[in-house]
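A short write-up of the structure that comes next.
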Amino acid sequence: QVQLVESGGGLVQAGGSLRLSCAASRSIFSINAMGWYRQAPGKQRELVAHFTSGSRTNYGDSVKGRFTISRDNAKNTVYLQMNSLKPEDTGVYYCYANIDNIYWGQGTRVTVSS
């Protein structure tokens, strides 16, 4: 079993920045994948950014060039730096990890005001 604890959400004005953190309860060195999804009100959950095996990164089209995913293996933590935030980035951001199974965090809310 793996616990994922997210932090860093909040309320920010459009154009601002936030950094989300996701701390795992065990090593993320050999993950299959780990990253972030988000769910806006009334919409399906969508990929924001994630690492896949070999530390390759993938981003959702709507966040490319604005968001950056990074990791600190020593801290078992993945980060999401979000810049130039837009109101459409509002939603609940979920960390997930694919290790020996797929695990989800409890979610952290991001609200971007116009």
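The values are calculated or read from the model by the stated rules, or taken from the named source; none is laboratory data. Keep in mind that what you see is a predicted model, and the values were worked out from it rather than measured. Virtual Cβ from ideal backbone geometry, glycine too; neighbours counted across all protein chains shown. The area values use the complete protein model at the heavy-atom level, side chains included, leaving out ligands, DNA and RNA. Shrake-Rupley method; radii C 1.70, N 1.55, O 1.52, S 1.80 Å.
Please report the carbon-and-sulfur percent of the accessible area for the chain; probe 1.4 Å, protein heavy atoms only, DNA, RNA and ligands left out. Don't skip to the answer; put the middle values down first.
Working: 2690 of 5940 Å².
For the chain, the apolar C and S fraction of the accessible surface comes to 45 percent.
Tally Lys and Arg at +1 and Asp and Glu at -1 over the other residues with C-beta under 10 Å from the C-beta of GLY91: what net charge comes out? Write out the running numbers ahead of the final one.
Values: positive: ARG38, LYS43, ARG45, ARG109; negative: GLU46, GLU88, ASP89.
Here the count lands on +1.
Here's how it looks for PHE67: its modeled amide H is under 5 Å from those of ASN83, which are all 5 or more places away or on a different chain.
In sequence order, the range 103-112 has phi-based couplings of 10, 10, x, 7, x, 9, 8, 10, 10, 10 Hz under the Karplus curve 6.51 cos²θ - 1.76 cosθ + 1.60, θ = phi - 60°, and Gly or Pro positions carry x. For the range 49-96, the spread of Cα positions along the three principal axes, ordered from largest to smallest, is 33, 18, 17 Å.
Short to long, the 5 Å bins of the Cα pair-distance histogram for the chain hold 2, 13, 25, 26, 18, 10, 5, 1, 0 percent of all pairs.
Quick one: which of 16-23, 76-83 comes out on top by average Cβ neighbours within 10 Å, and what's the full order, highest first? Write out the running numbers ahead of the final one.
Numbers: 16-23: 18.4, 76-83: 20.8.
Ranked from most to least packed, the peptides come out as 76-83, 16-23.
A 1.4 Å probe run over the protein chains yields, for the chain, 52 Å² of accessible area per residue, whole-number rounding. Couplings for the range 78-91, taken from phi via the Karplus curve 6.51 cos²θ - 1.76 cosθ + 1.60 with θ = phi - 60°, read 10, 10, 10, 8, 10, 10, 6, 5, 10, x, 6, 7, 4, x Hz in order; Gly and Pro are left as x.
Along the range 38-55 the Karplus relation, 6.51 cos²θ - 1.76 cosθ + 1.60 evaluated at θ = phi - 60°, assigns HN-Hα couplings of 9, 9, 8, x, x, 10, 6, 5, 10, 5, 9, 6, 7, 8, 10, 4, x, 6 Hz to successive residues, with x for each Gly and Pro.
The magnitude of the dipole of the chain, with charges of +1 and -1 set on the Cβ of Lys/Arg and Asp/Glu and taken from the Cα centre, is near 100 debye. Once you reduce the range 13-34 and the range 74-114 to the center of their Cα atoms, the two points are 7 Å from each other. Give the cross-link partners of LYS64 among the lysines, using a straight C-alpha distance below 25 Å as the criterion and excluding same-chain residues fewer than 8 apart. List returned: LYS43, LYS86.
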